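The values are calculated or read from the model by the stated rules, or taken from the named source; none is laboratory data. This structure is a prediction, so every number in the text was calculated from the model and none was measured. We place every Cβ from the backbone using ideal geometry, glycine too, and count neighbours over all the protein chains shown.
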Amino acid sequence: MSGGHGAQPSGTRTVVMKQTDEPRDGGENGRDGVPDLTLPEVLGVGAVLSESGLIVQDDPADRLPRGIRVAGRAMSVLAGCALVVLMLMTVADVLRRQIWERGIPYVIETTELVLVAVVFASLMSAEISKAHVRTSILTSRLPARAGRVVRLIGMVVATGVAAWFAFATWRTGLESFEIREYRPGLGRVPIWPAKLMIPVGLSGMAVVCGARCFLLAQGLRPRHPSTPEETAHE
């Protein structure tokens, strides 16, 4: 974090921090001897200081295209609708068992398939909102550029794995769709929609990861700072 004054650089958001002369609890190292972390260390991003407060640089990997964000919202809506259907089916089955001592036929088999749609339809939107499990223990302690390089390497691996899984499941899903696969039993419960939802969700996640790779790589390109804050930060 470097000092600087002047106009706020584009593509940043300002976080105002109140200054105080009171000592922190627990001394210099914080409570129980654990070092206190600054805001940039907690967020895992670089920051520069201005007169108005702390300017935290936006993550370039978050500037996803509008089309990807719209597709992510659509998948999220689909997952939400499937979850509502799952809850209604479960409640209706329980009520019928309590009243008539008989459950709804094939509801257990159907809920298993709907649950697949809930999980895999949520992958894309979860990656867009960064809801997947992640940690910045390493990257938050690296310089801004080095941290982006490490994150880019990790994102390339994630993209490759997601694309590999999507490619492998697309063949199975399309084969199931062509033959209209169903679960054998007392009744025919189609399972091809669930098998087709798996590669769709994985493909969406691969697209988001690939877009983040491109944005991170763009952020590593050398820039010519145009403001004192950017000059001090670089």
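Which residues, taken from the range 117-168, are at pLDDT 90 or above, more than 20 Å from Ala71 (Cα to Cα) and β-branched (Val, Ile, Thr)? Once the filter is applied, which keeps residues that are at pLDDT 90 or above, more than 20 Å from Ala71 (Cα to Cα) and β-branched (Val, Ile, Thr), the range 117-168 yields Ile153, Val156, Val157, Val161. Quick one: which of Ile198, Ile128 is closer than 17 Å to Leu83 by Cα, in contact (Cβ under 8 Å) with a residue 40 or more places away in the chain and within 23 Å of the chain's Cα centre (by Cα)? Being closer than 17 Å to Leu83 by Cα, in contact (Cβ under 8 Å) with a residue 40 or more places away in the chain and within 23 Å of the chain's Cα centre (by Cα) holds for just one of Ile198, Ile128, which is Ile198. In this structure, does Thr90 turn out to be within 21 Å of Leu216 (Cα to Cα), hydroxyl-bearing (Ser, Thr, Tyr) and modelled with pLDDT of 90 or more? In short, no.
Among the residues of the range 58-81, the one identified as more than 17 Å from Ser125 (Cα to Cα) and either at pLDDT 90 or above or in contact with a strand residue (DSSP E or B) (Cβ under 9 Å, 6 or more places away or on another chain) (or both) is Asp58.
No other residue among Trp170, Trp164 is without any contact (Cβ under 8 Å) to a residue 24 or more places away in the chain and closer than 14 Å to Ile198 by Cα apart from Trp164. Tell me, please, whether a residue that is of a type in the set (Phe, Trp, Tyr) and at pLDDT below 90 can be found in the range 181-191. Yes, the range 181-191 has at least one match. Out of Val84, Val45, one residue alone is over 16 Å from the mean Cα position of the chain (by Cα), closer than 29 Å to Val208 by Cβ, at pLDDT below 70 and of a type outside the set (S, T, N, Q). It is Val45. When the helices (runs of 4 or more DSSP H) confined to the range 60-142 are screened for residues that are surrounded by fewer than 16 Cβ atoms within 10 Å (Cβ to Cβ), those reaching at least 1 such residues are found at 66-100, 107-121.
Scanning the range 140-184 for residues that are within 24 Å of Val107 (Cα to Cα) and out of contact with any helix residue (DSSP H, G or I) (no Cβ under 7 Å at 6 or more places or on another chain) yields Ile179, Tyr182, Pro184.
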